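Data first, discussion second: the structure below is written as structure tokens.
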Amino acid sequence: MPNHRYLFKEAIKSAKDPRKPRHPDQYWAEIIAFKIGRLMKLDVPPAFVALNSDTGESGSIIEWFLGYSTEVKERFTHGGDHMQSLIEGYDREKGRLHNLDTVVKFSRLLSQLKILSHSWQEYWGLCLCYDALIGNTDRHQENWGVIWNDGEQSARLSPFFDNGTSLGHELFEKKIRHYTTDENSLRAYIRKGQHHMKWSLEEDSRLPLIDGVYRFCNKYPAIVPLLLDRLSWGEDALEKALSELTTFRIKSPLTVERADFVYTLTILRRRILLEHLEKVANEVY
């Protein structure tokens, strides 16, 4: 889009050699996460395969989620701004006090003041479900926020952005081959995944990805049908999207082996999520 802001993201460079990325194909996680977000009908900033024509470095290019209209004046505040105002001594560098209970209280307050233009329960239910599906461990206080429309005196929670710390991006080929052929090991890997945030200030550890969805749905069971619906896409749609991404002939391509692993990982995560959601539905209804 002409005159629109975009962010070009390369793989994170190695601490030992700043010239070389530790995981050169890491940028694919952001692009695949966007594809999965669209399968779930979520508001996820578009992410595309990109090439730095000066350096030859491949990466992802991501649309900024503001500035689509010159007629609407919007501003964005990070979640960290609000966590700092609500929690004394909040450390934005580490975010150790980042917790869902405070996030929910803040979101509910916006709704009670008739500022929020949508359901916060649906938003955070979908966010937790999406992050659990892709294995995103980095939804920290700077990776969500509020978009304010001062003209209409309204606000909405931001699209689900910065989703690249996901989808087994940190795994090397040997591990990928092992997990693709050993479901028990893959399930163990999935169980280790944690949200960035805790459930509440009183808890010490971060919230497990799958368990976070289960606990949230137990507290707000009305959102279960919505999450079941958003997880109802066909497996062939994901397979097709991944297959298309393996056709790019660029530096650090998405290999067929990694694409197969991402498919296997995501389908298993979805199956586990559906089992947990159906369990909540049976308990409640």
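Only the coordinates and a few stated rules stand behind these numbers; no lab work does. The structure presented is a predicted model; accordingly, all values stated were derived computationally and were not measured. Heads up, the Cβs are rebuilt from the backbone with ideal geometry, glycines too, and the neighbour counts pull from every protein chain shown.
When only residues in the range 194-214 that are part of a loop (DSSP other than H, G, I, E, B) and out of contact with any helix residue (DSSP H, G or I) (no Cβ under 6 Å at 6 or more places or on another chain) count, which is surrounded by the fewest Cβ atoms within 10 Å (Cβ to Cβ)?
Here is the first cut: in the range 194-214, the ones part of a loop (DSSP other than H, G, I, E, B) are 195-197, 199-207.
Then drop every residue that is not out of contact with any helix residue (DSSP H, G or I) (no Cβ under 6 Å at 6 or more places or on another chain), which leaves 196, 201-207.
Numbers: HIS196: 20, LEU201: 11, GLU202: 8, GLU203: 12, ASP204: 6, SER205: 8, ARG206: 18, LEU207: 22.
Only one residue fits best here, namely ASP204.
Does ARG191 meet the test of being part of a helix (DSSP H, G or I), under 27 Å from TRP124 (Cβ atoms) and of a type in the set (D, E, K, R)?
Working: part of a helix (DSSP H, G or I): yes; under 27 Å from TRP124 (Cβ atoms): yes; of a type in the set (D, E, K, R): yes.
So ARG191 fits the description; yes.
Tell me the residue from VAL103, VAL146 that is of a type outside the set (Asp, Glu), in contact with a strand residue (DSSP E or B) (Cβ under 6 Å, 6 or more places away or on another chain) and crowded, with 20+ Cβ neighbours inside 10 Å, please. Walk me through it before giving the result.
Details: VAL103 fails: in contact with a strand residue (DSSP E or B) (Cβ under 6 Å, 6 or more places away or on another chain).
It is VAL146.
Identify all residues within the range 183-205 that are of a type outside the set (S, T, N, Q) and farther than 19 Å from LEU86 by Cβ; write none if there are none. Quick ask: steps written out before the conclusion?
Here is the first cut: in the range 183-205, the residues of a type outside the set (S, T, N, Q) are 183, 186-193, 195-199, 201-204.
If the condition is that a residue be of a type outside the set (S, T, N, Q) and farther than 19 Å from LEU86 by Cβ, then GLU183, LEU186, ARG187, ALA188, TYR189, ILE190, ARG191, LYS192, GLY193, ASP204 are the ones that fit.
Residue-by-condition table, conditions (1) surrounded by 15 or more Cβ atoms within 10 Å (Cβ to Cβ); (2) more than 30 Å from VAL224 (Cα to Cα); (3) touching a residue at least 24 places away in the same chain (Cβ under 8 Å):
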residue: TYR130; (1), (2), (3): yes, no, yes
residue: ILE134; (1), (2), (3): yes, no, yes
residue: ASP150; (1), (2), (3): no, yes, yes
residue: ASP162; (1), (2), (3): yes, no, yes
residue: GLY168; (1), (2), (3): yes, no, yes
residue: GLU173; (1), (2), (3): no, yes, yes
residue: ALA188; (1), (2), (3): no, no, no
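When the range 220-231 is examined, which residues are found to be surrounded by 13 or more Cβ atoms within 10 Å (Cβ to Cβ) and either of a type in the set (A, V, I, L, M, F, W, C) or farther than 21 Å from VAL44 by Cα (or both)? Before you say what the answer is, go through the steps one by one.
Let us first name the residues in the range 220-231 that are surrounded by 13 or more Cβ atoms within 10 Å (Cβ to Cβ), namely 220-221, 223-224, 226-228, 230-231.
Of everything in the range 220-231, those that are surrounded by 13 or more Cβ atoms within 10 Å (Cβ to Cβ) and either of a type in the set (A, V, I, L, M, F, W, C) or farther than 21 Å from VAL44 by Cα (or both) turn out to be TYR220, PRO221, ILE223, VAL224, LEU226, LEU227, LEU228, LEU231.
Could you list, in sequence order, all residues of the range 121-176 that are among the small types (Gly, Ala, Ser) and either in contact with a helix residue (DSSP H, G or I) (Cβ under 7 Å, 6 or more places away or on another chain) or assigned to a strand (DSSP E or B) (or both)?
Just the residues of the range 121-176 that are among the small types (Gly, Ala, Ser), to begin with: 125, 132, 135, 145, 151, 154-155, 158, 164, 166, 168.
Within the range 121-176, GLY125, ALA132, GLY135, GLY145, SER154, ALA155, GLY164, SER166, GLY168 qualify.
Which of the residues spanning the range 244-277 are among the β-branched types (Val, Ile, Thr) and closer than 21 Å to TYR130 by Cβ?
Start the filter on the range 244-277 by keeping residues that are among the β-branched types (Val, Ile, Thr), which leaves 246-247, 250, 255-256, 262, 264, 266-267, 272.
VAL262, THR264, THR266, ILE267, ILE272 - these are the residues of the range 244-277 that are among the β-branched types (Val, Ile, Thr) and closer than 21 Å to TYR130 by Cβ.
Give me the pairs, please: first residue somewhere in the range 51-76 and under 30 Å from PRO21 (Cα atoms) and without any contact (Cβ under 8 Å) to a residue 60 or more places away in the chain, second residue anywhere and in a loop (DSSP other than H, G, I, E, B) and of a type in the set (Phe, Trp, Tyr), beta-carbon distance under 6 Å, and either six or more positions apart or on two chains.
Correct list of pairs: GLY59/TYR27.
For the range 221-240, state whether one or more residues are over 20 Å from GLY37 (Cα atoms) and not in a helix (DSSP H, G or I).
Step one: list which residues in the range 221-240 are over 20 Å from GLY37 (Cα atoms), which gives 221-222.
Retained after the next criterion (residues that are not in a helix (DSSP H, G or I)): none.
Checked against the condition, which is being over 20 Å from GLY37 (Cα atoms) and not in a helix (DSSP H, G or I), the range 221-240 yields no hits at all.
Conditions tested, residue by residue: (1) more than 13 Å from ILE32 (Cβ to Cβ); (2) surrounded by fewer than 18 Cβ atoms within 10 Å (Cβ to Cβ); (3) in contact (Cβ under 8 Å) with a residue 40 or more places away in the chain.
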site	(1), (2), (3)
SER243	no, yes, no
LYS251	yes, yes, yes
LEU254	no, no, yes
LEU265	no, no, yes
ALA281	yes, yes, yes
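How many of the residues in the range 246-285 are within 30 Å of ALA11 (Cβ to Cβ) and assigned to a helix (DSSP H, G or I)? Talk me through it step by step, then tell me what you get.
Applying the first criterion (within 30 Å of ALA11 (Cβ to Cβ)) to the range 246-285 yields 246-273.
Subsequent filtering for residues that are assigned to a helix (DSSP H, G or I) retains 256-273.
Count: 18.
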